[in-house]
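Participant: My structure is below; once you've seen it, I'll send some questions.
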Amino acid sequence: MAALKNTPPAGAPANAAEARPLHVAIVMDGNGRWAKRRGLPRSLGHRAGVEALKRIVEAAPQMNIRWLTVFGFSTENWSRPAAEVAELMALPKRYFETDLARLEREGVRVKVIGTDEGLSRDLVKICREAETRTAKNDRFHLTVAFNYGGKADIVAAARKFAQAVAAGRARPDDLTEDLFEGQLMTAPYPPPDLIVRPSGEQRLSNFLLWQAAYAEFIFQDVLWPDYSPAHLEAAIGEYQTRNRRYGAVAPDDALATG
Ligand code: IPE
Ligand code: MG
């Protein structure tokens, strides 16, 4: 029913002021500037960025975060110089080589979302292996958006539904927001409660477009390689001061209008 579409997700506490975000998404930004400030090549900024990711993945479950989705490579990043693209392509391997065994052991389920188009066969294999080896885990969910674009995610979902209609398995009227959301690459996970972007940039950059509909946005003035659990805790603190209404009015104001 359309009237239900803006209700809080199941499990969202009534007292939003005290609620902690269960799903946090991060645009890992600022690696290049971090390197430049140190007179280092951008590649070293990206490597330092992987170390920051390790710190955050380790700390997040202790902050009661259940889902963490990070933007590692966007479909627009192909326009960077070839050497930098090559360095970025090497990052999943760099990360999983050192950390996959620990992630597996510690109950982390890994998913890599995006398109395989343009990725080497080796890289696709590494990503699929990370998913298979952790498929039984359920304690914490790490989604790495790699070669991901929010528009492409939506188009792929639309295409899946169009194909179902063409094959006679669905009718156009069957399409609902829930059904559509279930076709997105992030399914079946809930949408992010909080989207964080460090480095001072204040835009979504084609990250989780649909999924961001009711997310809180927090922009932080720190470059991703310097990002620490304390920065994430600060973002959560700010999130807790926000008043999420999902398009409704606060209960007190609703009474006042009566
Ligand atoms: C984030 O750091 C990594 C990716 C976008 C892949 P950047 O490389 O964008 O760093 P800045 O924005 O140039 O500092
Ligand atoms: Mg950037």
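We did not get these values from a lab; they are worked out from the coordinates using the rules stated. The structure presented is a predicted model; accordingly, all values stated were derived computationally and were not measured. Cβ: placed from backbone, ideal geometry, glycine included. Neighbour counts: every protein chain shown.
Participant: Arrange the peptides 67-75, 237-245, 102-110, 127-135 so that the one whose residues have, on average, the most other Cβ atoms within 10 Å appears first.
Facilitator: Sorting 67-75, 237-245, 102-110, 127-135 by mean packing, highest first, produces 67-75, 102-110, 127-135, 237-245.
Participant: Here's a follow-up. Simple spin-label model, 7 Å along Cα-to-Cβ: Trp210 to Glu58 in nm?
Facilitator: Simple spin-label model gives 3.6 nm for this pair.
Participant: Hey, with R₀ at 30 Å, roughly what FRET efficiency would Ser79 and Asp178 work out to, going by the Cβ-Cβ distance, to 0.05?
Facilitator: It comes to 0.30.
Participant: When all C-alpha to C-alpha distances in the stretch 14-64 are sorted into bins of 10 Å, what percent of pairs does each bin hold, rounded to whole numbers?
Facilitator: Going from the shortest bin to the longest, the percentages are 22, 36, 25, 13, 3.
Participant: Can you give me the distance in nm between label points at Arg102 and Arg139, each placed 7 Å from the Cα along the Cα-to-Cβ direction?
Facilitator: It is 1.3 nm.
Participant: While we're here: So who's got an amide H within less than 5 Å of the one on Ala170, skipping anything under 5 residues away but keeping other chains? H placed 1.01 Å off N, in plane.
Facilitator: Distant-sequence amide H within range of Ala170: Val165.
Participant: Continuing with this model, one more query. Roughly speaking, what is the stretch gain from Arg242 to Leu255, that is 0.36 nm per residue apart minus the C-alpha to C-alpha distance, in nm to one decimal?
Facilitator: 2.6 nm
Participant: With viscosity set to 1.567 mPa s at 4 °C, what whole-number translational diffusion coefficient in µm²/s follows for the stretch 109-180 from Stokes-Einstein and a Kirkwood radius over Cα pairs?
Facilitator: 91
Participant: A further question follows. Just to confirm the filter: which chymotrypsin sites (Phe, Trp or Tyr not before Pro) across the stretch 86-143 are DSSP coil and have at most 10 other Cβ within 10 angstrom of their Cβ?
Facilitator: Qualifying residues, ordered by number: none.
Participant: Separate question: Can you compute the FRET efficiency between Ala162 and Thr132 using 1/(1 + (r/R0)^6), with r the Cβ-Cβ distance and R0 = 41 Å? Round to the nearest 0.05.
Facilitator: 0.90
Participant: Something else: Name the residues whose placed amide hydrogens come within less than 5 Å of the amide hydrogen of Phe219, ignoring near sequence neighbours (fewer than 5 apart) on the same chain.
Facilitator: Those qualifying (amide H under 5 Å, at least 5 residues apart or on another chain) are Arg197.
Participant: I've got another one for you. Once every DSSP H run of n ≥ 4 in the chain is given -39500 (n - 2.57) and the sum is divided by its residues, what mean residue ellipticity at 222 nm do you get, rounded to the nearest 500 deg cm²/dmol?
Facilitator: -12000 deg cm²/dmol
Participant: Over the Cα atoms of the stretch 37-113, compute the convex hull volume and normalise it per residue, giving Å³.
Facilitator: 110
Participant: Among Ala164, Leu184, Tyr239, whose Cα lies farthest out toward the positive end of the dipole of the stretch 157-258, if unit charges sit on the beta carbon of Lys, Arg (+1) and Asp, Glu (-1)?
Facilitator: Result: Ala164, furthest along the dipole toward the positive end.
Participant: Report the full-extension gain for the segment Ala187 to Ala230: residue separation times 0.36 nm, less the Cα-Cα distance, to one decimal in nm.
Facilitator: Gain on stretching Ala187 to Ala230: 12.6 nm.
Participant: From the C-alpha coordinates alone, can you work out the Kirkwood hydrodynamic radius of the stretch 118-258, in Å?
Facilitator: So the Kirkwood estimate lands at 18.5 Å.
Participant: Bin all alpha-carbon pair distances of the chain at 10 Å intervals from 0 and give each bin's fraction as a whole percent.
Facilitator: Once binned at 10 Å, the Cα pair distances of the chain give 6, 28, 35, 21, 8, 2, 0.
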